[in-house]
Each structure stands twice: as C-alpha cells, then as structure tokens.
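J.: Below is the structure I would like to discuss, written out as structure tokens.
Bear in mind these aren't lab numbers, they're just calculated from the coordinates by the rules spelled out. What you see is a predicted model, and the numbers here were worked out from it, not measured in a lab. With ideal geometry, Cβ positions are generated from the backbone for all residues, glycine too; neighbour counts draw on all protein chains shown.
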Amino acid sequence: MKLIVLFFSQFLLISIKPLFGSTKPWPQFENLKCKSEFNKVLIENKWSEEKFTNQIPSSFNQSAFRNMSQKIGDWIEVQVKADLSPEIVHLKDQKFKRFSFNSQCEVLSKDESLPWHLERVYNKKNNDMNNWDDEDLKKVVSQTAKGLIYYWSPKFAYSVVDIPRVEKLAKRLGLSFIPVVDPRASEQEISGALEVLFNKEKKLSQSRALASKYIVNRNVSLDLYMRNGFNHFPVSFVFSEGRIHSRFITGVMTDAGEKALIQNYLSDLKVGKK
Amino acid sequence: MKRLNLFLILISSFMIENLWAECVPAHEYFPFNGSWVSRNDNGEVVLGMYARMSPDGKYVLRSFSGKGLTQVTLMELVKSSIPNEENSVKPYETPLKNEAFPVQGSWRYIVDTNGEHYRIIDIIKNQKKAKPQFKGGITGFYTVAAELIGGRASSHQIRSLSWPSGTAENQGVGVLSNRVIEASLNKDGMASKTKNGTIEFMCKNLRSSDGDAMSLPMISMDGSEFASMPQNPRDGEASMRIYKFSSDQKSCEKILDLELAVSKIIFSAPELNMVLFYASGAIGNRGNGVYFYDREVKKTFTLDDPNRNVHADSFPGFTKDGRIVYGAYWQDCLNGKCVEKAGYVVSDPYQSQDIKDYMSQIGESGKKFKNCITTDEVKKVSEEQAKVWTYAP
C-alpha cells in the first residue's frame, strides 16, 4: 500500500505535457482525388486548423480521424482511402451529415444514419423524460464552474459500486458530480443495480429514494459518444472553464490515483492544454 | 522407378489432403433458447457480461446471463448434429462470483475473484456445488491470468495480473502488478499449489513515457505479454499498447502502440499474431462492432455478416485455431420476414470480406493470410483441449 502511495506521489510531481492531436494527420496519398476541393471544404468551415486523433477505421484500407472538438455537440470525422476522394462526417444538433465528392469533385452532402450502437436505443426512446443530451451537457458545462461527469452502466458492476466513492471524491475536490447512465440499459436494470448498491447500507425505502436520484440522466449525448466514452464503464470526464478535457478516466481508480488525474486535467484546462 | 512412384504417391496424397481440407463456416450461430433465457424490460434477451472463450470454442465463461441462473455461468456452445436444426447453448451454473476468469492458454482452471482455482470438469459435473482445488495468485479486481508456455499437468506456472491495492471500498486502476504461482496435478488429477510467488509492481521503467496509471489490462494466451491503455501518457495519445513482461517480472518492454483508444483487447494464439477488440469505430455502420488487428501488417479489419445484420454486444474472444467468438444480436430472415435472435456467433476472420479485399488488393503481404480455418485445425485444437480437461497427470 505504501508503495502505491509513493508511486502516486511521484506521479503528481512529474509535469504533464500533453501531445493531444495534430492538424491534418491523414496520409497524403499522391493519388487522393479531389484534394483541393476537400481542402476548400475544410477551410470554408474553419476545420482546417482543427486537431485530430486516430479513430478505428471501418476497413483495412480506410484511415479515420476525428477532431478534438472545442464546441459541444459539433464534431467532424475525416475518412480517407487511397485512390478515392476523402469524406467528412459532420455532427451538429445531434445529427450526422456526410460530405463526399462526385467524379467532377463537386461537393455532395447527405444525412447519415446514427451508428447502429445508438440506433437501437436512441430511436426507441426519443421522448424519454430521462434523456440527457447535448443541450444538457452544454448547460452543465457552461453553468457549472467545474465538475465531473460519471458515465456508468448497470451492466458493469464496478461502475455501479463506485458511484458513492467518486461522488464523495468529486465533492471533496470542489467538483459538481453529474452521473449519466448507459442508454442501452433498461429502466429495470438501472433501478435494480442501484437498489442492490444502496441496500448494502440502507433500508429498502431509503435506498429507493437514493436510487431515484441517479436514475435520471439517460445519456443520449452524441458529444460524449464522439469522445469515445462508450467502450467501457465507468468513464469520467472532467470539465472546467467551460471546456471538457479530451482525456477521460477509464475504470475504477483508487482515491489517490483518481485525485491525481483529476487535478492534472483541471490544471491542463486552466492553462488551455487539453 | 520405385522411387518415382513413391514420390508421386506422396505428392498426390499431399494434394488430396489440401484439396479436401474443409473450411469451417464463415459464421456459425448459437441462439439462446430454453426456459433459462430471460429478457429485460426493453424486451431484449439478456446475454450477460465479461465473456471469456475457451481455446476450443466449446465454452464461454460469462456473468449475468439470465435471471434464473447463477451470477457466473459456463455456457456450452452445442453444435447440432441434425441438418437444418439450430445449434444451441447449454448453461452450467457455478459457485463463482462476477468477473471470475479462466487461466488463459490452457483453460486448466477457472479462478474465482478470491483466487480459488476450480477444474472445468468439477464445474461441469457438480455445477454450483463444485469445490476449488487451491487458492493463489492476485486477488485484485479485473484480474486476468494465463498459463506460461511449457506447462505440463505435473507442473505448470500461472501468471496473474491486476491491481491488488486498496480495500473493497477503495480499490482501483493504478500501478499494475503480477504474480507467478506454480501448481501441479497429482496421480488422481487433483491440483495443488506448489509455489506461492510474490506480488511484483510493474513498469516503473516506463513512468516517464507511459505514466503510472494503466487501465484495461489483458494478458496474452501464453502469459508473456499484456495490453493496457495508459490513462495519461506523456509520450502521445492515450492509446492501447502492448507490453512484454521482463524476466524480473518488474520492468516492461513496450512492443506496440495501436494508436487507437479501444476497450480491452484480447490476444490470439501467439503464432497467429492478432488482437481483437469491441468498439464503436468510425462513423459509417460497416462491421458488427468486433475488430481484429494483425500485428504484422498493422491493419485493423472488420467482421461482418450483412445477411444477418449482426450486432455484437460485448467483447469477443479468440479460439486457439483463430476463430472469433462473441455474444451478439442478429436477424434470421425468411421470405422477407425477420426474427431477432440473440446468442453467440463464431466467425472465421480469414473468410471476412475485409481480409478477402486485402488479399486481392494488397499483393505480397496479402499472401500471409490463409483462405480459411479448416475443420482439421479445429479438430486438432479440440482434441488437445479435451486432453487437458481429462486432468490426467
């Protein structure tokens, strides 16, 4: 245990210099079609200076890059294949639009369906009162000085068990705690998981009251989806100064480790590195 | 003349053997059916979490697979011997708790979260009344383990990897550690621990580049490598990386950076040199959520069966022969009417469209991929595995 504490105290002392993203990282294929038209679209939309990171491609011959958006709910993804013209997928107002080029290199745009991971859950419960979308995210980030968005799923037991601990830690560090839940989980699964959690210490009636506090916030924010916060639970996003840090905390952590990461992320956000 | 005849016989038998090598199906489906199957209030079949696949693809170790079942079950994938009859899945209940894990590579044991090692035959025979053989290894959370290469029934080493820190209320991701224990089977096939090993904290040598806090660890089938995603690296993006355990069990050698932020990755048998992961990839709806990455050509490939509209629901696993097993939802359609099914899918990555495209478009390096996994290869692995599970010394 002492060894762990020692490691984390070292961890705090090392200054962090993030190397987050790069501009135009896609391969510059000589035979890439419609290069100038593609660059024109990037410039016209003020996307040319955006910083991008690698994304998992949809096939072996595709390279995909997503920008590190500074605007909540507004994202672009560039997809490139040798011999073909590049394509750009733009997310705005919770809708995807794909820009491509025809054989004359004229720009075409069409609505893109939701990724299938989301379609199953987003379309079923469009009007769910508990839905928590990009508008909610914008409100929280703009109206709260600093906070931690805790994304959990009843299907990942540790993400449930850790809710009270992370809430306590966030409050101790002066952060608002905003739990949001996996939208693929059913209401029964969510309430069941929370009841089991709170039953450990409380009476059933009290546990239901506590559980109800967390049932809300069914995360249908596409912004959090684009941040890749969908592959594992829990993940925690740290925000302050009106911006969300591009890195998130994956998995359950000890208080010491999580505190160190949160403080590093807050410090990055303060100096504008993220 | 006799020599020439012998040569011709040898050549023709080699050709016949290869011509007759039968490919496994590109995709095999094992739907959940039976009174043990449950649905959530969204009407979806409950598939469960934390799947681990046995080397022969016969069993899936999984938690929360249905209300009427124990927390952890061993799910047997039963292939129908009757033509046109559906395959099925048979659950075996266990006394194990959520996130119990197998000793990968050999699957000689399944380990409970408290370190108790169970034999597979005991679970199959006695189900939730099965008794453990011995206790050992790391007892942290998200633990993974593998049998080190060269193990025999009479003497084998098991490496476990996790974060054995903190208490139940305050444990978590941080500095990784590993422990190597030794075990042995006696003449009756009963197992005992012969060496306890020590907990070794790891990767101090990479602190300046990868940081201290590692997430999503997974061990390779032979226990020589592990994958993990540093939470806040100093040398680039927070991406999944592969490391090698050193002989001192403490320092780590960075082997490969996938340069992608993914969920836990799963290793193939070392000779196949691939890893697998489940993720939401680039926008565009190609693939079923399961990706495999070839470490030699450094490319990511997708799996898909467009006729069935397959959607994987959790992370997959490799069999020793290279097939990919995963829980999924799919559609069975007949005359325009489709029925949604849920269960397990077994896919041959070499028969995926993405690999076929790669082989046809990329000349020389495409040759490294074979056309398919054969039934003989599957049979060989299955026989080897059956031998391990006899627990004969």
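J.: In the P(r) worked out for segment B:28-119, what percent of Cα pairs fall beyond 15 Å?
T.: Distances greater than 15 Å cover 60 percent of the Cα pairs.
J.: Mind running the shape call on segment B:194-274? Use the C-alpha gyration tensor, a ≥ b ≥ c as the square roots of the eigenvalues: rounded below 1.5 for a/c, prolate if a/b tops b/c, oblate otherwise.
T.: Verdict is oblate for segment B:194-274.
J.: Please report the antiparallel percentage of the DSSP beta bridges confined to segment B:25-147, to the nearest 5.
T.: The antiparallel fraction comes to roughly 90 percent.
J.: Work out how far the C-alpha atoms of segment B:122-166 reach from end to end along every principal axis, then list the three figures in whole Å, largest first.
T.: 34, 30, 14
J.: OK, next. Looking at the calculated P(r) for chain B, what percent of the C-alpha pair distances fall above 26 Å?
T.: Numbers: 42862 of 77028 pairs.
Summing the P(r) tail past 26 Å for chain B gives 56 percent.
J.: Another question about this same structure. Would you grab the residues whose amide H sits under 5 Å from the one on B:Ser215? Only those 5+ places off in sequence or on another chain, please, with H modelled 1.01 Å from N.
T.: Distant-sequence amide H within range of B:Ser215: B:Met229, B:Gln231.
J.: Let me ask you something else. Just going by the charge dipole of segment B:232-317, with Lys and Arg at +1 and Asp and Glu at -1 on Cβ, which of B:Gly281, B:Pro306, B:Ala238 is farthest out on the positive end?
T.: So the residue furthest toward the plus end is B:Ala238.
J.: Still on this structure: Just to be sure I understand: of the beta bridges DSSP finds with both ends in the protein assembly as shown, what percent are antiparallel, rounded to 5?
T.: Details: 124 of 136 bridges.
For the protein assembly as shown, the DSSP antiparallel bridge percentage is about 90.
J.: From the square roots a ≥ b ≥ c of the eigenvalues of the alpha-carbon gyration tensor of segment B:285-388, which class results: rounded (a/c under 1.5), prolate (a/b over b/c), or oblate?
T.: In terms of gyration-tensor shape, oblate.
J.: Would you mind classifying the protein assembly as shown by shape? Square roots of the alpha carbon gyration tensor eigenvalues, ordered a ≥ b ≥ c; an a/c under 1.5 is rounded, otherwise it is prolate if a/b is larger than b/c and oblate if not.
T.: rounded
J.: Now for a separate question. Report the one residue of A:Ser267, A:Asn217, B:Val46 whose Cα lies farthest in the direction of the positive end of the charge dipole of the protein assembly as shown (charges on C-beta: Lys and Arg +1, Asp and Glu -1; origin at the Cα centre).
T.: Toward the positive end, the furthest listed residue is A:Ser267.
J.: For segment A:129-270, what is the convex hull (Cα atoms) projected area averaged across all directions, in square nanometres?
T.: 8.0
J.: Using the Karplus curve 6.51 cos²θ - 1.76 cosθ + 1.60 with θ = phi - 60°, work out ³J(HN,Hα) for each residue of segment A:22-28 in order, rounded to whole Hz, and write x for Gly and Pro.
T.: 8, 7, 6, x, 5, x, 8
J.: Return the single residue from B:Glu28, B:Glu271, B:Glu340 with maximal mean-square fluctuation; model: Gaussian network over chain B, springs between Cα atoms under 10 Å.
T.: Maximum fluctuation in the GNM of chain B, among the listed residues, is at B:Glu271.
J.: Let's see if you can work this out: charge +1 on each Lys and Arg Cβ, -1 on each Asp and Glu Cβ, no other charges. What is the dipole magnitude of the protein assembly as shown about its Cα centre, in debye to the nearest 20?
T.: 1460
J.: How big is the Cα convex hull of segment B:330-393 in projection, averaged over all directions, in nm²?
T.: 7.9
J.: Another one. In whole Hz, with x marking every Gly and Pro, tabulate ³J(HN,Hα) for segment A:228-234 from phi via Karplus 6.51 cos²θ - 1.76 cosθ + 1.60, θ = phi - 60°.
T.: So the J values, rounded to whole Hz, are 6, x, 9, 8, 8, 10, x.
J.: Output ³J(HN,Hα) for segment A:151-168: one whole-Hz value per residue in order, computed from phi by the Karplus curve 6.51 cos²θ - 1.76 cosθ + 1.60 with θ = phi - 60°, and x for Gly and Pro.
T.: Each residue's phi maps through the Karplus curve to give 9, 10, 9, x, 7, 10, 3, 5, 5, 7, 4, 8, 3, x, 5, 5, 4, 4 Hz.
J.: Kindly work out what percent of the DSSP beta bridges joining two residues of segment A:129-270 are antiparallel, to the nearest 5. Kindly include the intermediate steps, with their values, before the conclusion.
T.: On the way: 10 of 19 bridges.
Just about 55 percent of them are antiparallel.
J.: Sequence gap at least 6, Cα distance under 8 Å: using those rules, report the relative contact order of segment A:129-270 to the nearest whole percent.
T.: 33
J.: Could I ask something else about it? Run the Debye formula on the Cα coordinates of segment A:26-119, all scatterers equal and no solvent, and tell me log10 I(q)/I(0) at q = 0.16, 0.24 1/Å.
T.: Those come out to -0.66, -1.52, one per q.
J.: Within chain B, which DSSP H helices have Cα atoms that stretch 15 Å or more along the helix axis and a mean Kyte-Doolittle hydropathy of at least -0.5?
T.: Qualifying helices, which must be both long enough and hydrophobic enough, are B:2-20.
J.: Just B:Leu47, B:Leu258, B:Leu303 to compare: in a GNM of chain B, with alpha carbon springs under 10 Å, which one fluctuates most?
T.: Sorting by GNM fluctuation, first place goes to B:Leu258.
J.: Let's see if you can work this out: charge +1 on each Lys and Arg Cβ, -1 on each Asp and Glu Cβ, no other charges. What is the dipole magnitude of segment A:129-270 about its Cα centre, in debye to the nearest 20?
T.: Numbers: 20 positive and 16 negative charges, 83 e Å.
Its charge dipole is roughly 400 debye.
J.: Just how far, in whole angstrom, is segment A:64-115 from segment B:292-353 if you go by their alpha carbon centroids?
T.: If you average the Cα positions of each part, the centres end up 26 Å apart.
J.: Counting pairs of alpha carbon atoms under 8 Å apart in space and at least six apart in sequence, what relative contact order in percent does chain B give?
T.: 14
J.: Counting Lys and Arg as +1 and Asp and Glu as -1, each charge on the Cβ, what is the dipole of segment B:162-313 about the Cα centre in debye, to the nearest 20?
T.: Working: 17 positive and 20 negative charges, 39 e Å.
For this selection, approximately 180 debye.
J.: Right, here's the next one. Out of B:Asp41, B:Asp235, B:Asp212, any idea which swings most in a Gaussian network model of chain B, alpha carbons joined below 10 Å?
T.: B:Asp41
J.: Please tell me the relative contact order of segment A:26-119 in percent, rounded to the nearest whole number, where contacts are Cα pairs under 8 Å and at least six residues apart.
T.: Relative contact order comes out at 22 percent.
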